[in-house]
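Remarks on the structure that follows.
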Amino acid sequence: MKRVLIANRGEIAVRVIRACRLAGLETVAVYSDPDATALHVRLADRAARLGAASPLASYLNQDLLLEVARTTGADAVHPGYGFLSENAAFARRVEDAGLTFIGPTAASIEAMGDKITARKAMERAGVPVVPGFHGEATSDDELLDEARRVGFPLLVKAASGGGGKGMRAVRRLDEFSAAIAAARREAASAFGDATVYLERLLEEPRHIEFQVFGDQQGHVIQLAERECSIQRRHQKIVEESPAPHLSDELRRRMGEAAVAAAKAVSYVGAGTIEFLVDGDEFYFLEMNTRLQVEHPVTEVRLGVDLVQAQLAVAQGLPLPWSEQQICPRGSAIEVRLYAEDPSRGFLPTSGVLRRYRPPHGPFVRHDGGFVEGDEVTTHYDPMLAKLIVWGETRDQAVRRLAAALDHYVVHGVTTNLDFLRRLVRHPAFLAGQTDTHFIDTHFSMPYAPIPATEEAMIAVAVAELFGLGATKPTGGGEQGDRFNPWQTLGSWRSGR
Amino acid sequence: MKYWIGPDGGALGVTAKRSPSDPERVIVTLGERQIHLVARQAPDGMLLLELADGRHLGAWVTRDGQRYWVSCGGTTVVVEPANTESRSDIGHGGGLEAPMPGKVLGIHVELGQHVKRGDTLLVMEAMKMEHPLVAPFDGIVREIRTEEGEMVSSGAALVVVEQEEG
């Protein structure tokens with residue numbers, strides 16, 4: 001393995017490119033037209049255009065990606081997360097082209113991709129699953145009988161689903177038929193597969209996942225848990241390790257189940273086993289057969305580099321650590337900065353990042369994919385960056401996170417930054433009371449944006465007096481002067 | 001005097017002037033109140049404000065069309081011009097801006113055209129719905145800064161209408 005094509009964009013492409021450089025591997029970035037000058041393109045050794053902005057014309061276009069891999073001489077492909085990372089057909093095509101797919105085998109992706117197959121495999125491996133019915137596709141009448149057996153409330157879920165599509169909560173028997181029909185329609189249009197299954201609805205579950213890692217020699221280990229309960233629209237926004245208030249006994253049982261789950265599909269590479277936890281019981285939810293967005297939480301708490309390990313394992317090397325060598329220490333927390341408007345139901349926003357200053361400080365890590373001046377479009381995932389902090393204790397980590405968020409400056413694009421600032425100071429968060437209804441329980445919606453403060457009004461008055469942000473150049477006008485900092489400073493002061 | 005949407009949601013008149021005796025001293029008028037402070041701009045653009053009560057604030061202020069983004073004291077707020085003021089701004093050469101990101105479907109006016117208040121200037125498509133942008137007053141189209149089919153971001157200046165007197 002000498003040259004890795006990174007089939008992704010944004011912060012994860014940046015993360016992988018940096019890891020490749022550290023490992024002495026060359027990198028090939030790919031880009032869509034609006035990303036031609038993006039950070040990941042700047043950092044790579046080579047860069048190749050894919051196509052227009054639409055993901056189908058660019059980052060999801062398998063033919064183009066394989067063609068670019070061929071013409072740039074890449075011998076491996078890292079899919080990142082999202083896009084084609086859990087597409088078994090793509091993994092297979094990469095391998096068939098004689099390249100290394102940096103991830104699990106296509107067979108593992110397939111085994112975990114179909115939720116019904118995955119649940120059956122987990123039952124065989126002795127991993128607890130949420131009580132439910134996941135038999136072969138049957139008539140609605142038969143499903144109704146099964147629903148009576150599972151009990152209410154229950155969830156109707158799409159077999160090929162994800163992200164809440166094709167999912168319906170049913171609280172009473174008489175709501176069941178309508179919910180099944182709606183779930184089938186949504187599943188068919190979103191995934192091309194109308195198969196649904198039934199699961200008991202856990203009322204206040206926590207979402208806790210385990211990082212697992214396997215190598216080609218057949219070793220599989222777990223690298224502790226991440227608590228990811230705080231979500232909005234079925235997307236995580238805060239992740240931390242360790243999970244608050246998780247007993248050592250439950251943690252041990254879950255870790256063993258995570259390893260058994262990964263071994264059941266002969267897993268190679270970085271993966272995540274997601275569990276729902278309800279009281280002292282835990283249930284397998286699904287496996288993510290890729291590097292997770294929140295992988296830095298594990299890296300920071302354990303002092304490991306998961307992307308380095310991915311590159312090593314893909315080259316046939318054994319895992320760089322044994323489970324005994326893994327020593328979690330302190331507390332790590334991540335928050336995700338999204339281009340979205342909390343006061344409009346967290347809908348994605350767009351615009352130009354007129355000012356972008358991530359915070360710095362001891363034990364503060366910023367994983368981002370944008371720089372000041374970049375345009376944020378609605379073509380792609382609205383996540384802009386992740387902020388990860390470490391503390392000797394959870395309390396210290398939370399205070400560090402709050403201080404870091406206070407010094408984060410993002411202007412020009414509406415984000416969830418102020419929402420995050422309020423969230424990390426909420427007494428329930430400080431107390432570690434995290435469950436999947438956290439935001440609904442503790443924040444009234446629609447979320448009210450912070451009104452202008454007196455300090456902000458004073459700052460605006462002074463900015464106007466100083467002529468700050470005035471766009472018309474006052475002096476020179478020659479092209480060569482435009483980027484002279486003294487010239488710029490001069491024009492700012494012209495209002496005096 | 002410029003009017004902005006203030007902390008209580010209502011219009012607040014805000015001005016600043018230099019103290020005649022000391023150029024680093026600034027007198028800010030917020031509505032009826034006067035606030036004396038020392039204001040400096042750091043080379044990287046940050047505003048440093050020393051208030052008379054001893055508070056020391058570092059503020060990042062970024063102009064974005066007619067509004068300002070301000071980060072100080074651990075909050076980020078958007079300070080918007082109050083409605084009356086923003087309309088007269090448009091009348092005096094400001095741009096009519098895209099209310100949301102979207103695509104310009106059609107431009108219904110030409111340069112130099114006289115328009116009446118309420119006339120459709122252009123139509124945008126966003127979230128699969130059409131949104132007309134209408135003239136806020138009688139005036140003359142002085143600039144068209146977009147074209148049909150263009151994807152525009154929220155706040156982008158699209159059309160400049162100069163208000164006609166009387």
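Output yes when any residue across region A:347-365 is modelled with pLDDT under 95, away from every other protein chain (no Cβ under 13 Å) and in a loop (DSSP other than H, G, I, E, B), and no when none is. No: region A:347-365 contains no residue that is modelled with pLDDT under 95, away from every other protein chain (no Cβ under 13 Å) and in a loop (DSSP other than H, G, I, E, B).
Of the candidates B:Gly93, B:Gly112, the single residue that is modelled with pLDDT of 85 or more, outside any strand (DSSP E or B) and either more than 10 Å from every other protein chain (Cβ to nearest Cβ) or at positive phi (or both) is B:Gly112. Considering every residue within region A:356-372, establish whether at least one is in the same structural domain as A:Arg425 (by TED's automatic domain parsing), crowded, with 18+ Cβ neighbours inside 10 Å, over 22 Å from A:Arg42 (Cα atoms) and in contact (Cβ under 8 Å) with a residue 60 or more places away in the chain. For region A:356-372, residues in the same structural domain as A:Arg425 (by TED's automatic domain parsing), crowded, with 18+ Cβ neighbours inside 10 Å, over 22 Å from A:Arg42 (Cα atoms) and in contact (Cβ under 8 Å) with a residue 60 or more places away in the chain: absent.
Report yes if A:Val371 is part of a loop (DSSP other than H, G, I, E, B) and in contact with a helix residue (DSSP H, G or I) (Cβ under 6 Å, 6 or more places away or on another chain), otherwise no. Steps first, please.
On the way: part of a loop (DSSP other than H, G, I, E, B): yes; in contact with a helix residue (DSSP H, G or I) (Cβ under 6 Å, 6 or more places away or on another chain): yes.
So A:Val371 passes the test.
The residue that is farthest from the other protein chains (Cβ to nearest Cβ), among those in region B:11-41 that are free of Cβ contacts under 8 Å to residues at least 12 places away in the same chain and farther than 19 Å from A:Glu454 by Cβ, is B:Ser21. Within region B:60-80, the set of residues being touching an Asp or Glu at 6+ places or on another chain (Cβ under 7 Å) and either under 13 Å from B:Gly45 (Cβ atoms) or within 7 Å of chain A (Cβ to nearest Cβ) (or both) comprises B:Cys72, B:Gly73, B:Gly74, B:Thr75, B:Thr76. For A:Arg357, the conditions (1) under 23 Å from A:Trp390 (Cβ atoms); (2) touching a Lys or Arg at 6+ places or on another chain (Cβ under 8 Å) all hold with the exception of (2).
Okay, residues lined up against (1) of a type in the set (A, V, I, L, M); (2) surrounded by fewer than 18 Cβ atoms within 10 Å (Cβ to Cβ); (3) under 13 Å from A:Ala456 (Cα atoms); (4) not assigned by TED's automatic domain parsing to the domain that holds B:Pro99:
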| site | (1), (2), (3), (4) |
| --- | --- |
| B:Val14 | yes, no, yes, yes |
| B:Pro23 | no, yes, no, yes |
| B:Leu30 | yes, no, yes, yes |
| B:Tyr68 | no, no, yes, yes |
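Where helices (runs of 4 or more DSSP H) fall entirely within region A:401-463, those with at least 1 residues that are on the phi < 0 side of the Ramachandran plot, more than 8 Å from chain B (Cβ to nearest Cβ) and in contact with a Lys or Arg (Cβ under 7 Å, 6 or more places away or on another chain) are at A:438-442. The residue that is nearest to A:Leu405 (Cα to Cα), among those in region B:48-59 that are in a strand (DSSP E or B) and either more than 7 Å from every other protein chain (Cβ to nearest Cβ) or of a type in the set (Val, Ile, Thr) (or both), is B:Gly58.
If the condition is being polar (S, T, N, Q) and either closer than 20 Å to A:Ala121 by Cα or at pLDDT below 95 (or both), then region A:97-111 contributes A:Thr105, A:Ser108.
Residues that are in contact with a Pro (Cβ under 8 Å, 6 or more places away or on another chain) and either part of a loop (DSSP other than H, G, I, E, B) or more than 14 Å from every other protein chain (Cβ to nearest Cβ) (or both) within region A:374-399 comprise A:Thr377, A:Thr378, A:His379, A:Tyr380, A:Pro382, A:Ala385, A:Lys386, A:Leu387, A:Ile388, A:Arg394, listed in sequence order.
Among residues that are closer than 27 Å to A:Glu227 by Cα and surrounded by fewer than 17 Cβ atoms within 10 Å (Cβ to Cβ), A:Arg124 is included.
In region A:288-341, of all residues being of a type in the set (Ser, Thr, Tyr) and not in a helix (DSSP H, G or I), the one that is nearest to A:Phe275 (Cα to Cα) corresponds to A:Thr289. The set of residues in region A:137-165 that are part of a loop (DSSP other than H, G, I, E, B) and under 26 Å from A:Ala262 (Cβ atoms) comprises A:Ala159, A:Ser160, A:Gly161, A:Gly163, A:Gly164.
The values are calculated or read from the model by the stated rules, or taken from the named source; none is laboratory data. The structure presented is a predicted model; accordingly, all values stated were derived computationally and were not measured. In this analysis, Cβ positions are derived from the backbone assuming ideal geometry, glycine residues included, and neighbour counts consider all displayed protein chains.
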